[in-house]
Amino acid sequence: MFVVDEESWSWLLFQDQNDMYLTVLCGGVAMFNVDIQLSQAEVSSYRSFGRSFIEELAKSIALNPSVCSSRKSNFRNEFDLTTVIKDWRESK
């Protein structure tokens with residue numbers, strides 16, 4: 001697992017082998033994350049359009065987090081994201 005890209009205080013994009021995951025910061029006063037696994041179509045769109053696709057996807061999730069309620073992923077429990085994020089930020 002590694003970080004592919006991020007927008008500070010907005011979203012983080014992760015990859016583990018062929019799977020990609022997006023965590024989006026949502027809310028105002030009460031902030032929370034929405035974590036999803038990208039579908040194959042979304043992965044293809046990301047590969048075609050790059051960061052702009054993820055920015056739009058994250059924006060749509062942040063504006064309406066319930067749209068992803070059926071897609072929520074527990075990938076945070078499967079991987080040591082603290083170390084992954086720390087390594088990413090130290091490499092920048």
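In a DSSP loop and with at most 15 other Cβ atoms within 10 Å, the chymotrypsin sites (Phe, Trp or Tyr not before Pro) in the stretch 1-49 are Trp9.
Distance between the 7 Å Cα→Cβ label points at Glu55 and Val29: 3.1 nm. Across the stretch 2-91, Cα pairs under 8 Å and at least six residues apart give a relative contact order of 25 percent. Considering only Val24, Val43, Val67, the Gaussian network model of the chain with Cα springs below 10 Å gives its largest mean-square fluctuation to Val67. Neighbours of Leu63 by Cβ distance under 13 Å: Lys/Arg scored +1, Asp/Glu scored -1, total -1. The phi-based Karplus calculation (6.51 cos²θ - 1.76 cosθ + 1.60; θ = phi - 60°) puts the 3J(HN,Hα) values of the stretch 45-51 at 5, 4, 5, 7, 10, x, 4 Hz, whole numbers, x for Gly and Pro.
Note on Ala41/Glu90: beta-carbon distance plugged into 1/(1 + (r/R0)^6) with R0 of 30 Å gives a FRET efficiency of 0.35. Each residue, Ser10 and Val67, gets one label point 7 Å from its Cα in the Cβ direction; the gap between the two is 1.5 nm. Its relative contact order, with pairs defined as Cα atoms under 8 Å and 6+ residues apart, puts the stretch 1-52 at 22 percent. Note on the chain: with a GNM built from Cα contacts shorter than 10 Å, the maximum mean-square fluctuation among Asn64, Asn33, Asn18 falls on Asn18.
All of the numbers you see were taken from the coordinates with simple rules; none came from a lab. Keep in mind the model is a prediction, meaning the values are calculated, not measured. Neighbour counts are summed over all protein chains in view; Cβ atoms, including those assigned to glycine, are modelled from backbone coordinates with ideal geometry.
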